[in-house]
1. Might you let me know whether region 85-108 holds any residue that is among the aromatic types (Phe, Trp, Tyr) and within 22 Å of Ala43 (Cβ to Cβ)?
2. Collect the residues in region 134-166 that are out of contact with any helix residue (DSSP H, G or I) (no Cβ under 9 Å at 6 or more places or on another chain) and at pLDDT 80 or above, keeping them in residue-number order.
3. Do you know which residues across region 147-171 are among the small types (Gly, Ala, Ser), within 13 Å of Trp45 (Cβ to Cβ) and in contact with a strand residue (DSSP E or B) (Cβ under 7 Å, 6 or more places away or on another chain)?
4. Please tell me if Val93 is aliphatic (A, V, I, L, M) and without any contact (Cβ under 8 Å) to a residue 12 or more places away in the chain.
5. Ala88 is checked against (1) of a type in the set (Gly, Ala, Ser); (2) over 20 Å from the mean Cα position of the chain (by Cα); (3) modelled with pLDDT under 95 and fails just one. What number does that condition carry?
6. Would you check which residues across region 105-133 are under 30 Å from Met55 (Cα atoms) and either modelled with pLDDT under 75 or of a type in the set (Ser, Thr, Tyr) (or both) and list them?
7. Going through region 35-73 one residue at a time, which ones are charged (D, E, K, R) and loosely packed, with under 15 Cβ neighbours inside 10 Å?
8. Does Val150 fit the bill of being assigned to a strand (DSSP E or B) and within 24 Å of Glu39 (Cα to Cα)?
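The values are calculated or read from the model by the stated rules, or taken from the named source; none is laboratory data. None of these values were measured; they are calculated from a predicted model. We place every Cβ from the backbone using ideal geometry, glycine too, and count neighbours over all the protein chains shown.
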Amino acid sequence: MTPARHRLFAWLAVGLLLLGLACAAGLWASALGLLPQQELARARWQAQNIRHYSMTAKFALGWASNGPWTVEVRDEQVVSGYDTTSGAPLSHVQMRVAQLHLPVSIMFETIDKDLRSPAPTPRNLPTLLARVAPPLQRRLDRCAARMPEVSYDPALGYPSGITIYGSPCFPGGIQTLLVMSFTPLP
């Protein structure tokens, strides 16, 4: 093998290695990278077997902000709650909003739904790539939503902060949830 050919193969090997590393980094930044974090946190939460808890949380969907509210959850049902600022009990509508967003199992479902949306099909490939690589968003799908940002409680595993981004083509689609305190109850 000539030295020139040997250098060519060496450069090709280095290029393939760099391409492989870039693909792996891209997968870790994508939903495929967030799913293992989600499953580890869910396993940590389920291992605690907490069926009754109280939490103070603030929830916002677009421009509508709710809370902070303190709610009591038993077997994933919101059984009571009050507005932390005013001390007033939550109205029927507020209790319904709390039930739709605040139980820990619902938080995990919300994150799962966003991570798995859109379904990976050849037709949705540009949207998936735009979510993974925001610099490509304008060229591939300008309406693709960013990947969600999630933080988990390190000890108990519940989602302690969630930001789910809506499509930039539809203003006001950002959903945020912040758990300010969490207390397991007997």
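1. Yes.
2. Across region 134-166, the qualifying residues are Glu149, Ser151, Ser160, Gly161, Thr163, Gly166.
3. If the condition is that a residue be among the small types (Gly, Ala, Ser), within 13 Å of Trp45 (Cβ to Cβ) and in contact with a strand residue (DSSP E or B) (Cβ under 7 Å, 6 or more places away or on another chain), then Ser160 is the only one that fits.
4. On the way: aliphatic (A, V, I, L, M): yes; without any contact (Cβ under 8 Å) to a residue 12 or more places away in the chain: yes.
Yes.
5. (3)
6. Just the residues of region 105-133 that are under 30 Å from Met55 (Cα atoms), to begin with: 105-117.
Answer for region 105-133, where residues must be under 30 Å from Met55 (Cα atoms) and either modelled with pLDDT under 75 or of a type in the set (Ser, Thr, Tyr) (or both): Ser105, Thr110, Ser117.
7. Once the filter is applied, which keeps residues that are charged (D, E, K, R) and loosely packed, with under 15 Cβ neighbours inside 10 Å, region 35-73 yields Glu39, Arg51.
8. Yes, satisfied.
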